[in-house]
Amino acid sequence: MKIKDINKIYDTLNDLYDFMSTNTDSDTSGVREEMTAKVIEAESILKNERSRLYLRNAKAKIKRERKTISGVGLMSKAESLHETLANCHPSIARGKVWCRTCGREKKVDSVESIRTGWAKCCGYTMTIDHPDTW
Ligand SMILES: [Zn+2]
């Protein structure tokens, strides 16, 4: 599946979710709640699949770019690889990381972090995943 297809389905599920949460009258059977849970589950599966694709596409792009690397201009090429990776995924590009232990949020330079390593807190590398997704 392509990312744009995933986004389309995701949008549809979102609309469905909105529709279901704004049309709450006269349902006492619990079906709506059950369906809402299913929609949320489907959305989370799609989110994971989308993240996987983003990373796979980024890796493929880097592979292609690696092939074009020659001795001359190696540094600038490496630089562009860092930027490609830093911008490959919204979670990386937003430049924020969180500590899963104490919850601290920290602003980071994604390009720099990819180059030199990600920030640490409480003894562990901080995560690019927003706390809502834990
Ligand atoms: Zn911490």
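The values are calculated or read from the model by the stated rules, or taken from the named source; none is laboratory data. Keep in mind the model is a prediction, meaning the values are calculated, not measured. Here the Cβ is made from the backbone with ideal geometry for all residues, glycine too, and neighbour counts use every protein chain on show.
Listed values, structure above:
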item	result
Single unsatisfied condition, Tyr124 versus (1) in contact with a helix residue (DSSP H, G or I) (Cβ under 8 Å, 6 or more places away or on another chain); (2) within 16 Å of the ligand (Cβ to nearest atom)	(1)
Conditions (1) within 16 Å of the ligand (Cβ to nearest atom); (2) among the hydroxyl-bearing types (Ser, Thr, Tyr); (3) surrounded by fewer than 12 Cβ atoms within 10 Å (Cβ to Cβ): number failed by Thr116	(1)
Residue match in the range 89-97 (condition: within 16 Å of the ligand (Cβ to nearest atom) and without any contact (Cβ under 8 Å) to a residue 60 or more places away in the chain)	yes
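Matching residues to (1) modelled with pLDDT of 80 or more; (2) in a loop (DSSP other than H, G, I, E, B); (3) over 30 Å from Gly123 (Cβ atoms):
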residue	(1), (2), (3)
Ile6	yes, no, yes
Tyr17	yes, no, yes
Ile40	yes, no, yes
Leu53	yes, no, yes
Lys59	yes, no, no
Glu65	no, no, yes
